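Working notes for the structure below.
Here, each number is a calculation from the coordinates, and none is a lab measurement. Owing to the predicted nature of the structure, the values given are computational and were not obtained by experimental measurement. With ideal geometry, Cβ positions are generated from the backbone for all residues, glycine too; neighbour counts draw on all protein chains shown.
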Ligand SMILES: C[S@@+](CC[C@H](N)C(=O)[O-])C[C@H]1O[C@@H](n2cnc3c(N)ncnc32)[C@H](O)[C@@H]1O
């Protein structure tokens, strides 16, 4: 019988997906007791504030790596027309669905388990990647698959790779990696080159609309230039 190899034994082709899913499944379960009302962490709150200032009313929003859906929920509560979340972690997607159901907003949301770097993504007005790019090894592929899905706005948060903040981010990611490996749920994080990310946005026809930082996090909102 032809058995599919264990995801972790497929060499370097795509072991990251299984590791990311396992890591965030465990994290989502740990947090399931927190309830739905826990606020966003500081960097996500800053991004959310920037997005709210653009007025989400009537916008369709896609969040690759949506996690437990907190950011999307806020946008729908503020008037977004539809929220789509895709995540590698099925536990996070279950939590996001529960959260929307609890808020009686399920009909505005569509959640699915998948790799946002590979699955076909429909076009949405806004595309948001909050603390996701730094989980994924192949930043080029993730950008190549998600950028065309953004009709108007592409927003993201990443650890900066520049200056002293970049040095702290790399150290922090390294400590996290050692800790996660030690407790048996390895999931390396990546401080990807911010210059490269900005170049890809530029080539895809976006220009910077808003930039901010929170500790070593870089927060950016881009808008698509008219064709
Ligand atoms: C640090 S969490 C952030 C979750 C949420 N965006 C937030 O800020 O609360 C990263 C999430 O991205 C997901 N993720 C990472 N790479 C992904 C990919 N290629 N496709 C879909 N989800 C991904 C992980 O499963 C995880 O839920």
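Summary of computed values
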item: The chain, relative contact order [Cα under 8 Å, separation at least 6], %; result: 19 percent
item: Rg over Rh, two decimals, the stretch 121-207 (C-alpha only, Kirkwood Rh); result: 1.03
item: Per principal axis, descending, Cα span of the chain in whole Å; result: 49, 43, 37
item: Within a Gaussian network of the chain (alpha carbon springs, distance under 10 Å), most fluctuating of 110, 17, 49; result: 49
item: Residues 173, 126 arranged by fewest to most Cβ contacts within 10 Å; result: 173, 126
item: Normalised per residue, the volume of the convex hull around the Cα set of the stretch 170-227 (Å³); result: 94 Å³
item: Modelled label reach - residue 172, point 7 Å along Cα→Cβ, the stretch 203-227 residues with backbone N closer than 13 Å; result: 213-219
item: Label point distance in nm, residue 119-residue 164, each placed 7 Å from Cα along Cα→Cβ; result: 4.2 nm
item: Segment residue 55-residue 29, extension gain: residue separation times 0.36 nm, minus the distance between their alpha carbons; result: 6.1 nm
item: Share antiparallel - DSSP beta bridges, the chain, percent rounded to 5; result: 45 percent
item: Per-residue Cβ neighbour rank within 10 angstrom, fewest leading, 27, 59; result: 27, 59
item: Cα→Cβ-extended label distance, 7 Å offset, between residue 45 and residue 198, nm; result: 2.8 nm
item: Residues 218, 23, sorted so that the one with the fewest Cβ neighbours within 10 Å comes first; result: 23, 218
